[in-house]
Amino acid sequence: MAKNQITKEEIKKLMEIPGKVRGVVFKTDFEYVKEKLGNEGLTLLKEKIKEWGVSLDYEKIKITEWYPVWLRIISLLVIKEAFSWDDKKIEDLGNCAPKYSFVVATLMRHFLSLEKSIKETPKYWEKHYTVGEIEPGPINEKEKLVVIRLKNFKLHPILCVFFKGYFLRISQYIIKSRKITIEETKCMFKGDPYHEYLVRWK
């Protein structure tokens, strides 16, 4: 297990980030750890959270209620550190997250075409976060590519990795192809005005 690499000062700074997020995001983290590592993994996670001195009890979270968005960042960081996971694991967590979300399940029923689905994503985002907004980028079905832009969401780099996997899964739901790739082509932490994800398929 990795040594504690986050300081109390860093946690305090994260707690200053404004915005809220639905409790369902914590359920996705909890279910992923449980599925991959079982009860032993959940025990290790609880120990790490206690070590950090953060109040986060996954089993008491209510999925439809709003929670501080900084707690969402903490959840991913504590998971990454507790199990010494690399970015690929966090991306996979993001990729698996939609299948645990009732919001996604509900919205997917109405996603009929690619164009309609992309246009609906801003509403979908607002059901999860009070900060940031999705701007549907160009859709080129002939070239088989879609651009997704996430604006005003410079919270923490770990979310860039998480949403790379997350948006890939959403694309896998609505694009009829078994060969779909995603790449973050712009990032606010690299000086760009927004995050941009390029989705391609064959």
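The values are calculated or read from the model by the stated rules, or taken from the named source; none is laboratory data. Values in this document were obtained by computation on a predicted structure and should not be read as measured data. Quick reminder, even Gly has a Cβ in these numbers, built from the backbone with ideal geometry, and neighbours come from all protein chains shown.
Things worth noting here:
- Residue in segment 102-116 that is touching a strand residue (DSSP E or B) at 6+ places or on another chain (Cβ under 8 Å), at pLDDT 95 or above and charged (D, E, K, R) present: no
- From the list Glu91, Glu133, Glu143, the one residue that fits, being surrounded by fewer than 17 Cβ atoms within 10 Å (Cβ to Cβ) and under 16 Å from the mean Cα position of the chain (by Cα), is Glu133.
- Sole exception among (1) surrounded by fewer than 17 Cβ atoms within 10 Å (Cβ to Cβ); (2) in contact with a helix residue (DSSP H, G or I) (Cβ under 6 Å, 6 or more places away or on another chain); (3) hydroxyl-bearing (Ser, Thr, Tyr) for Thr185, by number: (2)
- Condition broken by Val161, with the remaining ones in (1) outside the structural domain of Arg72 (by TED's automatic domain parsing); (2) buried (at least 16 other Cβ atoms within 10 Å of the Cβ); (3) part of a loop (DSSP other than H, G, I, E, B) satisfied: (3)
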